[in-house]
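Asks: Below you will find the structure I want to go over with you.
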Amino acid sequence: MLLNTENTPLFFVDAMLGNIARKLRLLGYDTKYFPDIDDKKLIDTAIKEKIIIISKDKELILRAQKYNLQIIHITKQKQIEQFFEIINKIHLKNFKINGNVARCTKCNSLTEPIDKSNYKEKIPLGVFNFNENYWRCKSCEKIYWEGTHIKNLQVFVGKINERLQ
């Protein structure tokens, strides 16, 4: 199993896999992602921070292998199959959607539950009236709720969990 020194996977997802990075963050995994980072800086960061690189870029994979970095080479096109490439490499089980452990899709910081009445001016009225649970990024203060994006992710996670059983 590929793990960092704290026995939890830390990921650095390359620019080609932004949707994978967002999903990993929503599932609570510490996931670095910068759409415009160059390979050298990505590798330097992975070396320094002992991070698992997830990439489709064959050249990046070859460079990272020279440094004996932990790598997950994504070869599939469909996202669910890409997730299984990750799962098979690091043996993750039973994914769950939980706003209390999710990370911000924008900046990767932890989120925390909030009382929606304190953020009424930052939440669209239709959303405010139909949702009870909200979370805020501790760093950039982006507000999250269980909207259609979470419902879609729940379907995605459900398909993964079915295949894991």
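Asks: Specify which of the listed residues (C140, C107) is out of contact with any strand residue (DSSP E or B) (no Cβ under 9 Å at 6 or more places or on another chain) and either open to solvent by 30 Å² or more (accessible area, probe 1.4 Å) or in a loop (DSSP other than H, G, I, E, B) (or both).
Replies: C140
Asks: For K96, indicate whether it is of a type outside the set (A, V, I, L, M, F, W, C) and surrounded by 14 or more Cβ atoms within 10 Å (Cβ to Cβ).
Replies: no
Asks: Of everything in the range 34-47 that's outside any helix (DSSP H, G or I) and not charged (D, E, K, R), which residue is least open to solvent (accessible area, probe 1.4 Å)?
Replies: I37
Asks: Within the range 48-61, does at least one residue satisfy the condition of being buried (at least 18 other Cβ atoms within 10 Å of the Cβ), at pLDDT below 95 and among the hydroxyl-bearing types (S, T, Y)?
Replies: no
The rows are residues; the columns are (1) modelled with pLDDT of 95 or more; (2) among the aromatic types (F, W, Y); (3) part of a helix (DSSP H, G or I); (4) open to solvent by 80 Å² or more (accessible area, probe 1.4 Å).
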| site | (1), (2), (3), (4) |
| --- | --- |
| I72 | yes, no, no, no |
| I87 | no, no, yes, no |
| N100 | no, no, no, yes |
| E132 | no, no, no, yes |
| I160 | no, no, yes, no |
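Asks: So, in the range 85-130, how many residues would count as being over 15 Å from F11 (Cα atoms) and either in contact (Cβ under 8 Å) with a residue 40 or more places away in the chain or touching a His at 6+ places or on another chain (Cβ under 9 Å) (or both)?
Replies: Result for the range 85-130: 8.
The values are calculated or read from the model by the stated rules, or taken from the named source; none is laboratory data. Computed from a predicted model, the values in this text were never measured in an experiment. Every residue, glycine as well, gets a Cβ built from its backbone with ideal geometry; the counts of neighbours run over all protein chains shown. In case anyone asks, the SASA skips ligands and DNA or RNA and just uses the protein heavy atoms, side chains included. Shrake-Rupley method; radii C 1.70, N 1.55, O 1.52, S 1.80 Å.
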